[in-house]
1. Would you mind telling me which numbered condition in (1) part of a helix (DSSP H, G or I); (2) modelled with pLDDT of 85 or more Asn137 fails?
2. Are any residues in segment 22-76 hydroxyl-bearing (Ser, Thr, Tyr) and more than 22 Å from Arg124 (Cβ to Cβ), and if so, which ones?
3. Return the total of residues in segment 51-84 being in contact (Cβ under 8 Å) with a residue 12 or more places away in the chain and not β-branched (Val, Ile, Thr).
4. Restricting the first residue to segment 118-130 and requiring it to be without any contact (Cβ under 8 Å) to a residue 60 or more places away in the chain, which pairs with a second residue that is surrounded by fewer than 15 Cβ atoms within 10 Å (Cβ to Cβ) and not aliphatic (A, V, I, L, M) meet a Cβ separation below 7 Å and a spacing of at least six or different chains?
5. Looking at Asp75, Asp130, can you tell me which residue is among the charged types (D, E, K, R) and at pLDDT 90 or above?
Amino acid sequence: MTAMKTFDNTRPLVAAMAVGIGRAAYEYARDFVKANYLMSRPIPRYAAIAERLARMNRRLMAARMLVYRATYMADMTMPNAKEASMAKAAAGQAAIAACIDAIEVCGAHGSLATEHALLEKWFRDIKVYDIFEGTGNIQRIVISKRILPGLKAF
């Protein structure tokens, strides 16, 4: 029981780190697009890039809000097992998606093996945030048990 309470306090911190990496990848891609594309031109590819950036930002903001709620509840010593697991599950997936999308948006520039290849580094680093403190699958089990108490399906 003590271990689970510890996880309830540390999972939001892990989620916050994942959101930070995802946010860095998003901002890198956004800045790359601003510097390298004339977004005012009516080219369908540009609309797809803009939509992808908007989706990245939306997912990361949703994960950030879940982190805020879980950490607030932990600070107030409120039970937050479901919220901590929701933050952890959402943040890991949002950050992985942001890293993948950022590499695809930046193309070869995002994966060049140079000292400036931050996107590639973030992509390699981010997977661990979906694994430690409980995998995303484990988080989804914790969430479902909190939503549907007494369910013996797991």
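1. Result: Asn137 passes all but (2).
2. Keep residues of segment 22-76 that are hydroxyl-bearing (Ser, Thr, Tyr), which gives 26, 28, 37, 40, 46, 68, 71-72.
The answer is Tyr37, Ser40, Tyr46, Tyr68, Thr71, Tyr72.
3. Within segment 51-84, the subset in contact (Cβ under 8 Å) with a residue 12 or more places away in the chain is 52-53, 55-57, 59-60, 62-64, 66-67, 69-71, 74, 79-84.
Subset that is not β-branched (Val, Ile, Thr): 52-53, 55-57, 59-60, 62-64, 66, 69-70, 74, 79-84.
Here the count works out to 20.
4. Glu120/Ser111
5. Numbers: Asp130 fails: at pLDDT 90 or above.
It is Asp75.
Residues checked against (1) surrounded by fewer than 18 Cβ atoms within 10 Å (Cβ to Cβ); (2) under 20 Å from Ser144 (Cα atoms):
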{"residue": "Ile21", "(1), (2)": "no, no"}
{"residue": "Ala25", "(1), (2)": "no, no"}
{"residue": "Ala35", "(1), (2)": "yes, no"}
{"residue": "Gln93", "(1), (2)": "no, yes"}
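Let's see how each residue does on (1) surrounded by fewer than 16 Cβ atoms within 10 Å (Cβ to Cβ); (2) modelled with pLDDT of 90 or more:
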residue	(1), (2)
Ala84	no, yes
Ala87	no, yes
Asp101	no, yes
Gly107	yes, no
Gly110	no, no
Glu115	yes, no
Leu119	no, no
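The values are calculated or read from the model by the stated rules, or taken from the named source; none is laboratory data. Small disclaimer: the values here were computed from a predicted structure and weren't measured. Cβ atoms come from the backbone with ideal geometry, glycine included; neighbour counts cover every protein chain shown.
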